[in-house]
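Below is one structure, written out as structure tokens, with a few remarks after it.
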Amino acid sequence: MKLDVTWVAPKLWIGSQAQPGPHLREAGFQVLVLCAQEWQPPEEEFPGVRVHHAPFDDSAKGLTEREAKIAHRAAQKTIGHLLYGQRCLVTCMAGRNRSGLVLALALAGVSGLTPKKAGEQVRAVRPNALTNTTFCDHLAQTKVVRANVGCELCDAKILTRRHHEDLEFWVADCKQCRVPMAVYRPHGLRPSHRTHERMALSLLEVSDRLRPGQKVKLTDDMKTEPRHFHMHARPA
């Protein structure tokens, strides 16, 4: 069965109405978030998948206080699963507004992006998402979403010179040792092989640009924050 889903960030997908059956589990999804008020099938109809019910309306009048709480609670639950490395699919009827709102809030929580910027990233990969301007206004008015794990790297504050930044990782000068450091955005220790290779290549390119010809070695001892994957380019 072909699924109407779009990859947004590591382990995080957006999609339209999820059909009951084994299809989601067979596609590798472990978590399903149902945001459509009018489509809330029970969890047992999705064998092997954890289901979160977060029903609210897609209205041009905007979110009620109750609906905003539902959306933010669903985002925090999604963040929790992402931190454990689980593959999450956030859905509504068309995979546009309600799913886009919850997914943008979750993306902000694990990536350090502002909710507004996270919403822009959602629209960049799924152009018909977040057409509800009141939802966009809500993202713009929400200043920050925290994963509440007490991790400085999750905050992603710009404390030193930043050399590279994308949805998967960023590269900056380490504030302790002042050598280039690549930081995996999601909290955890398991970047994919492809992401690990991209981080290493970017780190080597930055090091060569800063100190041409100097030999470096990449290390991932992570003494300062052992719960969040990052790597340094140190002099060999």
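Among the residues of the range 92-101, are any outside the structural domain of Tyr184 (by TED's automatic domain parsing), surrounded by 20 or more Cβ atoms within 10 Å (Cβ to Cβ), assigned to a helix (DSSP H, G or I) and within 13 Å of the chain's Cα centre (by Cα)? Yes, the range 92-101 contains at least one residue that is outside the structural domain of Tyr184 (by TED's automatic domain parsing), surrounded by 20 or more Cβ atoms within 10 Å (Cβ to Cβ), assigned to a helix (DSSP H, G or I) and within 13 Å of the chain's Cα centre (by Cα).
Restricting the first member to the range 3-19 and to residues that are free of Cβ contacts under 8 Å to residues at least 60 places away in the same chain, and the second to residues that are assigned to a strand (DSSP E or B), the beta-carbon pairs closer than 7 Å and six or more apart or on different chains are Leu3/Gly15. Just one of the listed residues (Leu153, Leu139) is assigned to a helix (DSSP H, G or I), modelled with pLDDT of 95 or more and either among the charged types (D, E, K, R) or more than 11 Å from the chain's Cα centre (by Cα) (or both), and it is Leu139.
Contact annotation: residue pairs with Cβ atoms under 7 Å, 6 or more positions apart or on different chains, pairing a residue in the range 127-140 that is touching a residue at least 12 places away in the same chain (Cβ under 8 Å) with a partner that is among the basic types (Lys, Arg) and in a helix (DSSP H, G or I), are Ala129/Arg123; Leu130/Arg123; Leu139/Lys116; Ala140/Lys116. Against the conditions (1) in a loop (DSSP other than H, G, I, E, B); (2) buried (at least 20 other Cβ atoms within 10 Å of the Cβ); (3) at pLDDT 90 or above, Met181 satisfies every one except (1).
Taken over the range 36-73, the criterion of being over 23 Å from the mean Cα position of the chain (by Cα), part of a helix (DSSP H, G or I) and not basic (Lys, Arg) is satisfied by Glu43, Glu44, Glu45, Glu65. So is Glu120 among the acidic types (Asp, Glu), modelled with pLDDT of 95 or more and buried (at least 18 other Cβ atoms within 10 Å of the Cβ) or not? Criteria not met by Glu120.
The values are calculated or read from the model by the stated rules, or taken from the named source; none is laboratory data. Everything numeric here is computed off the predicted structure, so don't read it as measured data. All Cβ positions, even for glycine, are placed from backbone atoms using ideal geometry, and neighbour counts span all protein chains on display.
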